[in-house]
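The values are calculated or read from the model by the stated rules, or taken from the named source; none is laboratory data. Everything quoted here is computed from the prediction, not taken from an experiment. Cβ placement follows ideal geometry from the backbone for every residue including glycine, while neighbour counts extend to all protein chains displayed.
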Amino acid sequence: MVFEVLDKPIDEKSMRTALNNPSAGAVVTFEGCVRDHNEGRQVQSLEYEVYVEMAEKEGVRILEEARERFGVLDLRAAHRMGPLEIGDIAVWVGVASAHRAEAFDACRYVIDALKHRLPIWKKEQYTDGSSEWVNCQRCQAEVHSP
Amino acid sequence: MKLTVRYFAMLREQVGASQEEVETTAKTPAELFEELVQAHGLTIDLKALKVAVNEDFVPMEHALSDGDAVVFIPPVAGG
């Protein structure tokens, strides 16, 4: 089981090859890509900022949870950091297991947990020149009027 | 006691630095955050944040120890 935070493109072919296993009747992989729009706005590019030490620790923990919970043979995942362009692979998850059902379930569990738990932040640059930290639109403390 | 505080994303931009050593009497992350709000004029709401001490998520009332590495975690957006 390997989880990596990468500042270079994810090599999905070699990640897939690393999951080869004679006992695996199923390999499920997921690629999350940079999309050209989000919540009605046109995205130009984006940047991921990562608390690397903690993300690596939490990422491995998530893969271990999925292996125990679904009884799969092996899992690998990677997440990008730094600037990305439209179409780039931002996150990759692969699961090898004896049968397909637990491979699909484990893959879904891992991608959902990675999105919710990894200390990773995304700043989107929009085509109109503005930019924003995603999910932090309502982070500002309310200003109380006297 | 002395703590290391690291900042990411919106907090890093508001503080204007990615890390600092802080001498504090704060006993918990919640108390520490109030000091940082005063020191840096932060406008981010504590209720929007989680906190990690030495790379593990902990409650805001967790007891801090000398030498701890503290990171307030704004809403994440991986994937």
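How many residues does the range B:44-79 hold that are on the phi > 0 side of the Ramachandran plot, at pLDDT below 95 and out of contact with any Asp or Glu (no Cβ under 7 Å at 6 or more places or on another chain)?
1
Identify all residues within the range B:1-36 that are away from chain A (no Cβ under 13 Å) and in contact (Cβ under 8 Å) with a residue 60 or more places away in the chain; write none if there are none.
Passing the criteria: B:Met1, B:Lys2, B:Leu3.
Being more than 10 Å from chain B (Cβ to nearest Cβ) and among the acidic types (Asp, Glu) is true for just one of A:Glu49, A:Glu64. Which residue is that?
None of the other options fit; the residue is A:Glu64.
Here's a check for you: in the range A:32-57, which residue that is among the acidic types (Asp, Glu) and in a strand (DSSP E or B) is surrounded by the fewest Cβ atoms within 10 Å (Cβ to Cβ)?
Among those residues, the one meeting the criterion is A:Glu47.
Which numbered condition in (1) within 30 Å of A:Tyr109 (Cβ to Cβ); (2) facing chain A (nearest Cβ under 8 Å); (3) free of Cβ contacts under 8 Å to residues at least 24 places away in the same chain; (4) not aliphatic (A, V, I, L, M) is the only one that B:Pro75 fails?
(3)
Sort through A:Ser97, A:Ser130 and tell me the only one that's within 23 Å of B:Tyr7 (Cα to Cα), more than 14 Å from every other protein chain (Cβ to nearest Cβ) and out of contact with any Pro (no Cβ under 6 Å at 6 or more places or on another chain).
After ruling out the rest, the residue left standing is A:Ser130.
Restricting to the range A:109-127, and then to whatever is more than 7 Å from every other protein chain (Cβ to nearest Cβ), in a helix (DSSP H, G or I) and in contact (Cβ under 8 Å) with a residue 12 or more places away in the chain, can you tell me which residue is surrounded by the most Cβ atoms within 10 Å (Cβ to Cβ)?
Looking at the filtered set, the residue picked out is A:Val110.
Run A:Val60 past the list (1) outside any strand (DSSP E or B); (2) among the β-branched types (Val, Ile, Thr); (3) crowded, with 19+ Cβ neighbours inside 10 Å and report the number of the one that doesn't hold.
Condition (3) is where A:Val60 drops out.
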